[in-house]
Amino acid sequence: MILLHKLIISNKYLKYKPFWWWYRLINHEGFRFDDYHIWGSFWSSLNGGWLDMNYKWEFEKYWGKNVKPETIVLSPENYDALVEKLNEPPDPKVVERFREIMNRRAPWDD
């Protein structure tokens with residue numbers, strides 16, 4: 001299919017003629033002149049949400065039909081302990097180490 005795109009879109013006799021514009025319009029997976037990639041993979045990669053929308057199908061595909069996801073039930077005491085732990089301020093040592101890691105030079109920053 002790429003060769004067909006290349007043949008039609010890069011043809012100097014067809015370029016900017018009505019057929020060329022029509023072909024570019026109906027073919028939404030246009031051909032990029034800079035690196036010769038099909039645009040379809042780019043546009044579908046922008047919306048990763050389709051994975052979330054099809055999560056149930058993916059779950060059943062992996063675990064089998066009619067399998068229900070596990071649920072975790074916490075006692076009220078454990079839930080309260082978890083919420084308290086989440087609401088506590090973070091350990092200053094961990095925060096400082098995180099700042100050090102985030103401020104390091106990346107290999108590509110040379």
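The values are calculated or read from the model by the stated rules, or taken from the named source; none is laboratory data. The shown structure was predicted, so the numbers you read here are calculated from the model rather than taken from an experiment. Note that each Cβ is placed from the backbone with ideal geometry, even for glycine, and that neighbours are counted across all protein chains shown.
Observations on the model:
- Subset tally (residues that are surrounded by 10 or more Cβ atoms within 10 Å (Cβ to Cβ), out of contact with any Leu (no Cβ under 8 Å at 6 or more places or on another chain) and not small (G, A, S)) for segment 58-82: 8
- Counting only helices (runs of 4 or more DSSP H) that sit wholly inside segment 14-96, those with at least 2 residues that are more than 31 Å from the chain's Cα centre (by Cα) and modelled with pLDDT of 75 or more are 18-26, 76-87.
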